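Peer 1: There's a structure below that I have some questions on.
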Amino acid sequence: MVTEPLLTRIQAAMVARLETGLGKAVRNCDYYAGEIDDLDNAVKAFPAAYVAFGGMADSDTRRLGKPDWKENGSFVVVVGDRLVRRSQGLRVGAGKVTGDVGVNRLVWAVRRLLGGQTLDLPIGRLLPGKVKTLASGKFAAEHWCVMSVEFKTGWNEEALPDGSWPAPEGPEHPDALFPIFGGKTETPLPWLSGFNVGLVQPGKDAPSITFETDVN
């Protein structure tokens, strides 16, 4: 199975951690798939949390002369809740008895669970960013509110050598994506199996001492 791009793995890890950490505080925890565009149905699933990829800023080239750079990406957690009671309860919840969590608590819980985490991935710690109210209103007899919680992180990317093509080293290599869809690839370079070293004294053509080493 092809290893998914890091963007996908970050998003999946965020969903998994929120699903485990929030427990019964939400009815649904998943990838964001435009749920807020259909509020009539989205409100019925509240309280909920959805994770979306927010985009990438300019790459940061840090090692001159080498084809790699640091990527800076953002991810957004969209949380929503509804409440039949007073509007303040929508923000702060109405306690354990009713089971109403409130959007403010959801925002805090999301930042608490994700802030500073690397999710066992080769990325920088998730840095909490902006929190915004996306929408609020009343549906039937229920008040609802949707907020977004932003996180930023960075990771290193390595480019292909100039003029070369992807060279997957096995079915799980990320570059194995290309042959699946008929894209052009190259045969990967062989692994180092050994090397020879010779010491040549000044004025002589042949080495006076040689070493042969196999790499297991």
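The values are calculated or read from the model by the stated rules, or taken from the named source; none is laboratory data. What you see is a predicted model; the values in this text were computed from it and never measured. Cβ sites come from the backbone with ideal geometry, for glycine too, and all protein chains shown count toward neighbours. When the accessible area is computed, the model is the full protein with side chains, heavy atoms only, and any ligands, DNA or RNA have been set aside. Shrake-Rupley method; radii C 1.70, N 1.55, O 1.52, S 1.80 Å.
Peer 1: Quick check: is even one residue across segment 1-21 at pLDDT 80 or above, under 30 Å from L160 (Cβ atoms) and exposed (fewer than 13 other Cβ atoms within 10 Å of the Cβ)?
Peer 2: Yes, segment 1-21 contains a residue that is at pLDDT 80 or above, under 30 Å from L160 (Cβ atoms) and exposed (fewer than 13 other Cβ atoms within 10 Å of the Cβ).
Peer 1: Would you confirm whether any residue within segment 116-134 is on the phi > 0 side of the Ramachandran plot and at pLDDT below 95? Talk me through it step by step, then tell me what you get.
Peer 2: As a first pass, look at segment 116-134 and keep what is on the phi > 0 side of the Ramachandran plot: 116, 119-120.
So of that shortlist, the ones also at pLDDT below 95 come out as none.
So far as segment 116-134 goes, no, none of its residues is on the phi > 0 side of the Ramachandran plot and at pLDDT below 95.
Peer 1: A further question on this structure: Is there a residue being open to solvent by 100 Å² or more (accessible area, probe 1.4 Å) and either under 25 Å from D58 (Cβ atoms) or modelled with pLDDT of 85 or more (or both) anywhere in segment 186-201? Working first, answer last.
Peer 2: Start the filter on segment 186-201 by keeping residues that are open to solvent by 100 Å² or more (accessible area, probe 1.4 Å), which leaves 187, 189-192, 196.
Now drop any that are not either under 25 Å from D58 (Cβ atoms) or modelled with pLDDT of 85 or more (or both), which leaves none.
No, every residue in segment 186-201 fails to be open to solvent by 100 Å² or more (accessible area, probe 1.4 Å) and either under 25 Å from D58 (Cβ atoms) or modelled with pLDDT of 85 or more (or both).
Peer 1: Give the number of residues within segment 125-170 that are within 30 Å of T185 (Cα to Cα), among the hydrophobic types (A, V, I, L, M, F, W, C) and open to solvent by 40 Å² or more (accessible area, probe 1.4 Å). Steps first, please.
Peer 2: The initial filter retains those residues of segment 125-170 that are within 30 Å of T185 (Cα to Cα), namely 154-170.
If we keep only those that are among the hydrophobic types (A, V, I, L, M, F, W, C) as well, we get 155, 159-160, 165, 167.
Subset that is open to solvent by 40 Å² or more (accessible area, probe 1.4 Å): 160, 165.
Of the residues in segment 125-170, 2 are within 30 Å of T185 (Cα to Cα), among the hydrophobic types (A, V, I, L, M, F, W, C) and open to solvent by 40 Å² or more (accessible area, probe 1.4 Å).
Peer 1: Still on this structure, please answer the following. Report, by residue number, each residue of segment 103-124 that is loosely packed, with under 14 Cβ neighbours inside 10 Å, more than 20 Å from P5 (Cβ to Cβ) and not small (G, A, S).
Peer 2: W108, R112
Peer 1: With the checklist (1) surrounded by 14 or more Cβ atoms within 10 Å (Cβ to Cβ); (2) modelled with pLDDT under 80 in hand, flag the one item S87 doesn't pass.
Peer 2: (1)
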